[in-house]
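> Before I ask anything, let me first share the structure, which is written out below as structure tokens.
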2 protein chains.
Amino acid sequence: MITKSEINIIRSLGDRAGRSEHGLFVVEGDKSIAEICNAGFKIVRMFTTTDGPGLKIRPSDMARISSHKSPPDRLALFKIPERKIDFQLINKDLTLVLDDVQDPGNLGTIIRLADWFGIKQIICSPATVDVFNQKTIQASMGSISRVNVQYIPLEDFFKQVNNIPIFGTFLEGEDIYTSQLSHPAIIVMGNEGKGISDATSKFTNRRITIPPYPHDATTVESLNVAMATAVVCSEFRRRMKK
Amino acid sequence: MITKSEINIIRSLGDRAGRSEHGLFVVEGDKSIAEICNAGFKIVRMFTTTDGPGLKIRPSDMARISSHKSPPDRLALFKIPERKIDFQLINKDLTLVLDDVQDPGNLGTIIRLADWFGIKQIICSPATVDVFNQKTIQASMGSISRVNVQYIPLEDFFKQVNNIPIFGTFLEGEDIYTSQLSHPAIIVMGNEGKGISDATSKFTNRRITIPPYPHDATTVESLNVAMATAVVCSEFRRRMKK
């Protein structure tokens, strides 16, 4: 049996405030639960409507604690690990900075990209979507265990960083394919609709852009922030191999 | 008032078979509806629970026709346009081929990428997720009007194509950053879990890969197919600018 108070706590984990208060996050479905377990996160509690691991509960209770229209067979609570920014690493390698990225899927995808391209840290503005949002976890897969995602007012972060080029990705800027890129470097990606805020752009000292093809195409939508991150990370790493 | 039969038809549009039978697709929410209208698709019918355009219906009816846990204020039906593969264009430019891409969000993102990188046609295996899936439309935004997405058994497609290099993206292949790329070219992207099938890989004559960083990294997840498409399209277009 699951208690009413447990149901309330689990439902509160749907919000960042609830996750922060309880130090827990929710993962739904066998595949995702296995991923997160394998990634080294500590499981605290598990519920199921079927056989196998977890406390057996009624489908109606699962529907209450699940965030999906079709509730899963299994739902687990994991502990949020404690981590800090490694400033030494920032002086040595590439770091991503996210300025108010809103979509949980985009954040998850960016984490997975960072993992692929060997970027160990992502610094997020406080208004960036929470990394322990379920959709973010689902999109990032096991990568969230290998990439350190930290939240800090970006002004405070930039003030602690010295002598490292800070690249901002803008709709107008130098063509990334022909720009001089550097290493170490900080790469700032902006919000889905608004791009990089004025407050943050003050800290960038290089403006780069991914040109559409053909270069003068005008009808296209902007590139989604996760796709732009893929192209930018790929280009920085390609140059480093030379 | 919305009739029971209309509700049934709209619910049937949640499946590919229903969309194909009625020649219609569903878009939910003001923002997406506006996007699709602006993209030039023809609206056939619209329902709303609030003021403004559309036939007013009860929230309980909107919940029945919506595919979301939180139903939108407005839902519209659009006409599926009739299009064909342009083989002449395939001889002149880049073409993407998708071999059983399953996730609607991935397909939508790939369409948006194609639009950005000036790729006008995407050829999909019949088992690739339907382009008029709601999630695909949402992820692709207005780009679905500018990119021609066609479904055909890939064997039939490849048999109609002559003398164009067919690049397959594999986990093991030539490093894309140092490979010789060409134009025109056909670029094949595989299924999320299984990659390119054996049947399709027989038609590819170049195997390329996006190396992780560092090159010998072993712990990372594979790159999601949409992200891989971003990197591959970016690299093909970068070379063409030289």
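The values are calculated or read from the model by the stated rules, or taken from the named source; none is laboratory data. Note that the coordinates shown come from a computational prediction; the quantities given were computed from them, not determined experimentally. Virtual Cβ from ideal backbone geometry, glycine too; neighbours counted across all protein chains shown. Surface accessibility is based on the protein's heavy atoms, side chains included, excluding ligands, DNA and RNA. Shrake-Rupley method; radii C 1.70, N 1.55, O 1.52, S 1.80 Å.
> Which of the residues spanning segment B:206-242 are open to solvent by 20 Å² or more (accessible area, probe 1.4 Å) and touching a residue at least 60 places away in the same chain (Cβ under 8 Å)?
B:Asn224
> So for segment B:3-21 (the condition being in a strand (DSSP E or B) and charged (D, E, K, R)), does at least one residue qualify?
As a first pass, look at segment B:3-21 and keep what is in a strand (DSSP E or B): none.
Among the residues of segment B:3-21, not one is in a strand (DSSP E or B) and charged (D, E, K, R), which makes the answer no.
> Ok, one more. Answer yes or no: is there a residue in segment B:63-70 that is closer than 22 Å to B:Ser143 by Cβ and at pLDDT 95 or above.
Among the residues of segment B:63-70, not one is closer than 22 Å to B:Ser143 by Cβ and at pLDDT 95 or above, which makes the answer no.
> Hey, among the residues in segment B:1-44 that are touching an Asp or Glu at 6+ places or on another chain (Cβ under 8 Å) and not hydrophobic (A, V, I, L, M, F, W, C), which one's farthest from B:Gln102 (Cα to Cα)?
Filtering segment B:1-44 for residues that are touching an Asp or Glu at 6+ places or on another chain (Cβ under 8 Å) and not hydrophobic (A, V, I, L, M, F, W, C), the one farthest from B:Gln102 (Cα to Cα) comes out as B:Asp30.
> Also, quick follow-up: For segment A:10-60, give me each residue that is more than 14 Å from A:Ile137 (Cβ to Cβ), free of Cβ contacts under 8 Å to residues at least 24 places away in the same chain and not hydroxyl-bearing (Ser, Thr, Tyr).
Result: A:Asp15, A:Ala17, A:Gly18, A:Glu21, A:His22, A:Asp51, A:Gly52, A:Pro53, A:Gly54, A:Lys56, A:Arg58, A:Pro59.
> Given the conditions (1) crowded, with 21+ Cβ neighbours inside 10 Å; (2) more than 10 Å from every other protein chain (Cβ to nearest Cβ), report the number of the one that B:Phe203 does not fulfil.
(1)
> Another question about this same structure. Looking at segment A:98-117 only, could you name the residues that are more than 21 Å from A:Asp198 (Cα to Cα) and either open to solvent by 10 Å² or more (accessible area, probe 1.4 Å) or among the charged types (D, E, K, R) (or both)?
Kept after step one, since they are more than 21 Å from A:Asp198 (Cα to Cα), are these residues of segment A:98-117: A:104-117.
Once the filter is applied, which keeps residues that are more than 21 Å from A:Asp198 (Cα to Cα) and either open to solvent by 10 Å² or more (accessible area, probe 1.4 Å) or among the charged types (D, E, K, R) (or both), segment A:98-117 yields A:Pro104, A:Gly105, A:Asn106, A:Thr109, A:Arg112, A:Asp115, A:Trp116.
> Here's something else I'd like to know. Step by step: first the residues of segment B:51-89, then only those that are part of a loop (DSSP other than H, G, I, E, B) and open to solvent by less than 50 Å² (accessible area, probe 1.4 Å), then the one that is farthest from B:Met1 (Cα to Cα). Which residue is that?
As a first pass, look at segment B:51-89 and keep what is part of a loop (DSSP other than H, G, I, E, B): B:51-54, B:57-58, B:66-73, B:80-86.
Filter once more, so that each one left must be open to solvent by less than 50 Å² (accessible area, probe 1.4 Å): B:54, B:57, B:66, B:72, B:80, B:85.
Working: B:Gly54: 11, B:Ile57: 6, B:Ser66: 16, B:Pro72: 17, B:Ile80: 25, B:Ile85: 40 Å.
Ranking the qualifying residues of segment B:51-89, first place goes to B:Ile85.
> A:Thr95 - would you say it is open to solvent by less than 30 Å² (accessible area, probe 1.4 Å), assigned to a strand (DSSP E or B) and either within 13 Å of chain B (Cβ to nearest Cβ) or touching a strand residue (DSSP E or B) at 6+ places or on another chain (Cβ under 7 Å) (or both)?
Values: open to solvent by less than 30 Å² (accessible area, probe 1.4 Å): yes; assigned to a strand (DSSP E or B): yes; either within 13 Å of chain B (Cβ to nearest Cβ) or touching a strand residue (DSSP E or B) at 6+ places or on another chain (Cβ under 7 Å) (or both): yes.
Answer is yes for this residue.
> Restricting attention to segment A:158-175, does a residue exist that is open to solvent by 60 Å² or more (accessible area, probe 1.4 Å) and under 30 Å from B:Ser222 (Cα atoms)? Steps first, answer last, please.
Of segment A:158-175, the ones open to solvent by 60 Å² or more (accessible area, probe 1.4 Å) are A:159-160, A:162-163, A:171-172, A:174.
Right, trim to under 30 Å from B:Ser222 (Cα atoms) and you get A:171.
Yes, there is a match, as at least one residue in segment A:158-175 is open to solvent by 60 Å² or more (accessible area, probe 1.4 Å) and under 30 Å from B:Ser222 (Cα atoms).
> Report yes if some residue within segment B:132-139 is assigned to a helix (DSSP H, G or I) and open to solvent by less than 10 Å² (accessible area, probe 1.4 Å); otherwise report no.
Step one: of segment B:132-139, the residues assigned to a helix (DSSP H, G or I) are B:134-139.
Retained after the next criterion (residues that are open to solvent by less than 10 Å² (accessible area, probe 1.4 Å)): B:136-137.
Yes, segment B:132-139 has at least one match.
> A:Ile43 is checked against (1) closer than 30 Å to A:Leu154 by Cβ; (2) surrounded by fewer than 20 Cβ atoms within 10 Å (Cβ to Cβ); (3) not aromatic (Phe, Trp, Tyr) and fails just one. What number does that condition carry?
Answer for A:Ile43: the failing condition is (1).
> I'd like to know if segment A:199-219 contains one or more residues that are closer than 22 Å to A:Asp115 by Cβ and touching a Cys at 6+ places or on another chain (Cβ under 8 Å).
No, segment A:199-219 has no match at all.
> Right, here's the next one. Scan B:Ser143, B:Ser182 and give me the residue that is more than 22 Å from the chain's Cα centre (by Cα), open to solvent by less than 60 Å² (accessible area, probe 1.4 Å) and closer than 21 Å to B:Arg237 by Cβ. Please lay out each step first, then the result.
Values: B:Ser143 fails: more than 22 Å from the chain's Cα centre (by Cα).
Every option except B:Ser182 fails the conditions.
> Pick from B:Glu221, B:Glu172: which is touching a Ser or Thr at 6+ places or on another chain (Cβ under 8 Å), within 14 Å of chain A (Cβ to nearest Cβ) and over 16 Å from B:Leu94 (Cα atoms)?
Details: B:Glu172 fails: within 14 Å of chain A (Cβ to nearest Cβ).
It is B:Glu221.
> If A:Asp115 satisfies all but one of (1) part of a loop (DSSP other than H, G, I, E, B); (2) within 14 Å of chain B (Cβ to nearest Cβ), what's the number of the condition it fails?
(1)
> Here is a further query. Out of A:Ser70, A:Ser66, A:Ser140, report the one residue that is touching a Gly at 6+ places or on another chain (Cβ under 7 Å), closer than 21 Å to A:Ile33 by Cα and within 14 Å of chain B (Cβ to nearest Cβ). Spell out the reasoning first.
Working: A:Ser70 fails: touching a Gly at 6+ places or on another chain (Cβ under 7 Å); A:Ser66 fails: touching a Gly at 6+ places or on another chain (Cβ under 7 Å).
Only one candidate qualifies: A:Ser140.
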